[in-house]
1. Averaging sequence separations of C-alpha pairs under 8 Å and six or more residues apart, then dividing by the length of the chain, give the relative contact order as a whole percent.
2. With angles folded into 0 to 90 degrees, how steeply does helix 221-236 sit against the dominant principal axis of the chain? Use alpha carbons for both and round to 10.
3. Residue 69: net charge of surrounding residues, Cβ under 12 Å, Lys/Arg +1, Asp/Glu -1, itself excluded?
4. How many lysine pairs does the chain hold where the Cα atoms are under 28 Å apart and the two sit 8 or more places apart or on different chains?
5. What do you get for chymotrypsin sites (Phe, Trp or Tyr not before Pro) in segment 46-87 restricted to DSSP loop and a cutoff of at most 16 other Cβ within 10 Å of the site's Cβ?
6. Looking at 151, 257, 204, which one has the Cα that reaches farthest to the positive end of the dipole of the chain (charges on Cβ: Lys, Arg +1; Asp, Glu -1)?
7. Just from its helices, what would the mean residue ellipticity at 222 nm be for the chain, if runs of 4 or more DSSP H residues each count -39500 (n - 2.57) and the sum is divided by every residue, rounded to the nearest 500 deg cm²/dmol?
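Please treat every number below as a calculation from the coordinates, not as lab data. Note that this is a predicted model, so its numbers are computed, not measured. Note: ideal-geometry Cβ built from the backbone for every residue, glycine included; neighbour counts use all protein chains shown.
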Amino acid sequence: MKLNTIIYEKRDAFAYITFNRPKVLNAINREMLDDLARITDDLRRDEGIRAIIVTGAGKAFIAGADIAAMRDFTAAEGREFNLYVQQQINNLENLPVPVICAINGYALGGGLELALACDIRIIAQDAKIGLPEVALGIFPGGGGTQRLPRLINNGYAKYYIYTGEHIPAQRAYELGIVQEVTGSGDLTGRAQEIADKIAKQGPIAVRMAKRVINEGANLGLRPSIVFDSEAYATTFATEDRITGMTAFLNKTKANFQNR
Ligand code: CO8
């Protein structure tokens with residue numbers, strides 16, 4: 001797969017997505033969205049992948065959508081680009097296996113919005129995140145107005161969206177936006193440790209858990225519980241369920257077969 005704006009690698013049971021336009025702090029343009037679409041399309045079909053790690057090349061994660069490209073858009077082009085951003089962020093969110101976002105530097109605007117669609121976020125101690133779009137006369141249109149208030153206290157979400165203030169790593173952790181702060185040099189290693197741990201679990205169980213959590217979030221409690229029990233029954237019918245429970249009782253490690 002030839003990509004110009006993203007480095008895409010697979011090793012063992014893992015996929016690595018590295019946004020790679022470092023001269024503009026990995027700002028998102030149409031080409032990057034095209035590349036991301038091809039990657040998510042590939043990942044949706046790959047049953048061997050157990051976890052995905054997303055990060056940025058150079059000193060930023062993603063400093064937002066490409067302002068230079070957006071400035072000259074007509075209103076119609078702006079709307080079309082916005083829908084394309086949302087679609088690709090949704091595609092990332094809906095990948096069947098967990099996506100770990102390793103925030104290595106600025107994750108701003110569309111960059112944070114993309115990070116919010118990942119399953120787990122960890123951040124380097126010197127990184128900063130934020131939704132500064134109001135300074136540009138727009139607001140966070142990549143899903144940030146919806147995902148951030150669902151993740152953290154509504155008042156804090158509004159504070160950061162209305163002021164556009166950057167959020168330092170430690171504060172992002174206190175607010176619950178990220179799950180862990182690491183030393184700058186430890187970020188990718190820690191992301192890999194989390195991925196390794198996920199890969200040791202029952203693969204069908206992890207995929208199903210992700211589906212139930214994500215789909216359930218869009219439903220009311222009662223339908224989501226029904227959906228949950230149907231998915232649970234599917235998992236209970238797998239060979240992996242027998243393998244996992246037998247390994248526990250035999251005090252051995254489960255060798256899951258993904259079936
Ligand atoms: N777009 C285009 N170029 C960018 C962007 C960006 N978002 N961010 C940085 N760059 C460029 C700079 O222009 C600069 O280029 P050059 O070297 O040619 O001058 C280069 O990257 C390095 O940046 P700085 O010199 O500014 O680096 P600093 O370390 O001084 O500052 C900051 C880093 C604080 C990250 C600063 O670059 C900044 O504030 N960037 C913009 C952040 C921002 O406003 N992001 C929101 C963008 S809008 C958005 O994301 C909308 C999402 C909604 C999705 C729907 C789309 C319609």
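1. 15 percent
2. Tilt relative to the chain: about 50 degrees.
3. Values: positive: 21, 30, 71; negative: 31, 66, 72, 77.
Counting the neighbours of residue 69, the net charge comes to -1.
4. Pairs that pass both the separation and distance tests number 27.
5. Counting only loop positions with at most 16 other Cβ atoms within 10 Å, the chymotrypsin sites (Phe, Trp or Tyr not before Pro) in segment 46-87 are 73.
6. Most positive-ward Cα: 257.
7. When only DSSP H runs of four or more count, the value is -15000 deg cm²/dmol.
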